[in-house]
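**Student:** Dropping the structure in here first, questions after.
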Amino acid sequence: MEWKLSTETDTKSESSVEGIKRASNYLRGDLASELATDAPNVSGDSEQLLKFHGIYSQDNRDERRARSLAGEGLDYIFMIRVVVPGGRLSSEQWLGMDEVASKLADGSLRLTTRQAVQFHGVVKGELRELAGALDRQFLSSFGGCGDVVRNVVTCPTLHLENGHGHLEGIAHQLRQTFRSTSEAHWEIFVNGEKAASREEIEERPFYGDTYLPRKFKIAVSHPRDNCVDVFAQDVGLIPAEHEELGAGFTLLVGGGLGRSYAHEDTFARLAEPLTFVTNDEVEEVIAAIIATYRDLGDRTDRKRARMKYVVADLGLDAFRTHVEERLSRTLRDPLTLPSDFDADDHLGWRPLPDGTWQVGLRVGAGRVRDIEGGTTLRTALREVATRYGATFFITPQQDLIVSGINSDDRDAITALLVTHRVRLDGELGNVERRALACPALPTCSQALTEAERRLPELVSGLEEALARRSLGRRPLQLRMTGCPNGCARPALAEIGVVGRTKSTYDLFLGGGTRGNRLATIYREKVKLEDIPDILGPLFDRWAVEGDAEETFGDFVTRVGTQ
Ligand code: SRM
Ligand code: SF4
């Protein structure tokens, strides 16, 4: 389906990336010739275009010093982010990706906070082979990054929701509607030649030849479960029932969590309810929102180019008017937001309505790999996929659900997991089971500090601090990132730990699992090892003054942190 949308592109003082996009002939640029050279990396312009193909040029930052001392250049590696709408994969697809991890990447699959899969440590000469391997599994990294609609996130139990049959395929439907139609990825990475159909296919009108000012994120929550963090999205959809119009969505706009220390006018922001849309209207309204953002988003300063700044600067009412102009009709009011919203971690064995079972497994910062002498999660999952033909769902908490298991196979799968030392939900610590961390060092170019690699140490410190106060059974939500871009969504966490300098972090408190409250700064520039002691006095008060079921985030918000 396509819609006619007006365009008002401003070409004044645009950022250099805008020129690269415009001159790229719909994301081709010089990529084909640069991939063919022996150089281990690509030029700066091509790095920008590669992102649209789901590929990031990185270097192994652990090696920088030694290589510099040895007079050697950077150790160039690439990260490939595979689009997985709703995080759903067949066993065959999982096995295909498992093989890629061994043959072409660093031996791990990295499950992301947006239900995608990343491969790290890929060398330039093998990018095409990797794209071909994905294509054979009907997968692609095209649109995994870049100034387009990113992987659509949905609650992994949305498809089980009775009475909402339309929700089953919504992630794929939105991916199809909002993906770029450029054939560039196919030509350059998969097929190696110009697609015959190229001339007939036009790019989406809401993208044009310069695409969006920046990335655009959509998530669909469960009607009662906000595991997707629907308020952190450019467009968030909450399934809802309208008294007269029937099933549809409350549509939120203008969320986003990234900030920059160097740019004081950047901030985390919660999305606000814009309207109620029926199922038939949802794509048309999102297209008008994207077109509004395409036209009004800041193309001069990429740090302030996200749609949340358009909504914040204009105000919701004026933003609504711009969307209505592009739709040529008015938007109806939103419905009241659900009051029983909370986030399930989806861990452990759960029965499904069709009589089969699912098991949710804690992955730990999303890193699926085998640890010598420890947990061999990757092998365990490979064996489950090979023997039991289940469906895999990546969760927005970087975990994995294996679904559609016959009840007769439950014991065997539990035994298999135990053999591989994969711990089930009952064995997890109460901080560990909800903790998120971004990859940070050594792959992320933006990382100021460690995150994923030091998460276990922080988790243990906090669990010990809680146990000393007899709080060990109270769940606590911890999220940690190596910089304020906020990839593990620390701005919404009960405890958010955000890299500040090479060896310090800022500590944020007061978010929560409902995901509808921003955490606020508690302490700046603290050392990671000091965090459990810094929080000690607040844990003491929570133990004594907190209500029985009161979460830490709710408690600190109620009593304040001073
Ligand atoms: Fe992110 C950039 C990793 C979810 C906000 N993010 C990056 C890059 C690509 C670094 C870079 O630009 O060079 C990171 C790659 C590191 C590496 O080595 O893998 C990176 N982001 C991730 C992932 C893998 C974190 C994870 O632990 O899973 C997530 C991949 C999601 C996906 O599958 O698409 C990831 N990033 C997020 C989220 C959370 C979300 O979307 O739910 C956010 C906050 C929400 C938001 O967008 O506001 C997020 N990432 C950013 C930003 C800040 C954007 C901004 O508005 O300023 C950047 C920096 C940028 O884009 O320039 C960034
Ligand atoms: Fe990198 Fe910062 Fe995102 Fe962590 S939060 S992955 S350090 S950009």
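The values are calculated or read from the model by the stated rules, or taken from the named source; none is laboratory data. Quick caveat, the model's predicted, so the values are computed rather than measured. All Cβ positions, glycine included, derive from the backbone under ideal geometry; neighbour counts span all protein chains shown.
Here is a yes/no grid of residues against (1) surrounded by fewer than 24 Cβ atoms within 10 Å (Cβ to Cβ); (2) aliphatic (A, V, I, L, M):
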| site | (1), (2) |
| --- | --- |
| Ala105 | yes, yes |
| Ser108 | yes, no |
| Leu111 | no, yes |
| Gln115 | no, no |
| Val123 | yes, yes |
| Gln137 | yes, no |
| Val152 | no, yes |
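**Student:** Say whether the condition of being crowded, with 17+ Cβ neighbours inside 10 Å and in contact (Cβ under 8 Å) with a residue 60 or more places away in the chain is met by at least one residue in the stretch 39-46.
**Tutor:** yes
**Student:** While we're looking at this one, here's another question. Would you be able to tell me the number of residues in the stretch 133-146 that are more than 21 Å from the chain's Cα centre (by Cα) and over 25 Å from Asn60 (Cβ atoms)?
**Tutor:** Total meeting the criteria: 3.
**Student:** Taking the condition of being crowded, with 23+ Cβ neighbours inside 10 Å, within 16 Å of ligand 1 (Cβ to nearest atom) and part of a loop (DSSP other than H, G, I, E, B), how many residues in the stretch 490-530 meet it?
**Tutor:** Of the residues in that region, 5 qualify.
**Student:** Scan the stretch 234-259 and report the pairs whose first residue is free of Cβ contacts under 8 Å to residues at least 40 places away in the same chain and within 17 Å of Val310 (Cα to Cα) and whose second residue is away from ligand 1 (no atom under 16 Å from the Cβ) and of a type in the set (S, T, N, Q), with Cβ atoms within less than 9 Å and a gap of 6+ or a chain change.
**Tutor:** From residues that are free of Cβ contacts under 8 Å to residues at least 40 places away in the same chain and within 17 Å of Val310 (Cα to Cα), the pairs are Gly236/Thr250.
**Student:** Select the helices (runs of 4 or more DSSP H) contained entirely in the stretch 276-330, then report the ones holding at least 3 residues which are modelled with pLDDT of 95 or more and within 19 Å of Thr177 (Cβ to Cβ).
**Tutor:** 282-296, 316-327
**Student:** Quick one: Leu337 ticks every box in (1) within 26 Å of the chain's Cα centre (by Cα); (2) under 17 Å from Val285 (Cβ atoms); (3) of a type in the set (A, V, I, L, M) bar one, so which box is it?
**Tutor:** Failing condition for Leu337: (2).
**Student:** Filtering the stretch 406-449 down to residues that are among the acidic types (Asp, Glu) and farther than 30 Å from Lys502 by Cα, which residue is nearest to ligand 1 (Cβ to nearest atom)?
**Tutor:** Only one residue tops the list, namely Asp425.
**Student:** Then there's this: Hey, can you tell me all the residues within the stretch 57-98 that are polar (S, T, N, Q), touching a strand residue (DSSP E or B) at 6+ places or on another chain (Cβ under 9 Å) and over 30 Å from His346 (Cβ atoms)?
**Tutor:** Of everything in the stretch 57-98, those that are polar (S, T, N, Q), touching a strand residue (DSSP E or B) at 6+ places or on another chain (Cβ under 9 Å) and over 30 Å from His346 (Cβ atoms) turn out to be Ser57, Gln58, Asn60.
**Student:** Among the residues of the stretch 259-299, count how many are within 30 Å of Gly499 (Cα to Cα), hydroxyl-bearing (Ser, Thr, Tyr) and over 24 Å from the mean Cα position of the chain (by Cα).
**Tutor:** Counting residues in the stretch 259-299 that are within 30 Å of Gly499 (Cα to Cα), hydroxyl-bearing (Ser, Thr, Tyr) and over 24 Å from the mean Cα position of the chain (by Cα) gives 0.
Yes/no per residue for (1) under 30 Å from Asp147 (Cβ atoms); (2) buried (at least 16 other Cβ atoms within 10 Å of the Cβ):
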| site | (1), (2) |
| --- | --- |
| Tyr309 | yes, yes |
| Asp317 | yes, no |
| Thr330 | yes, no |
| Asp345 | no, yes |
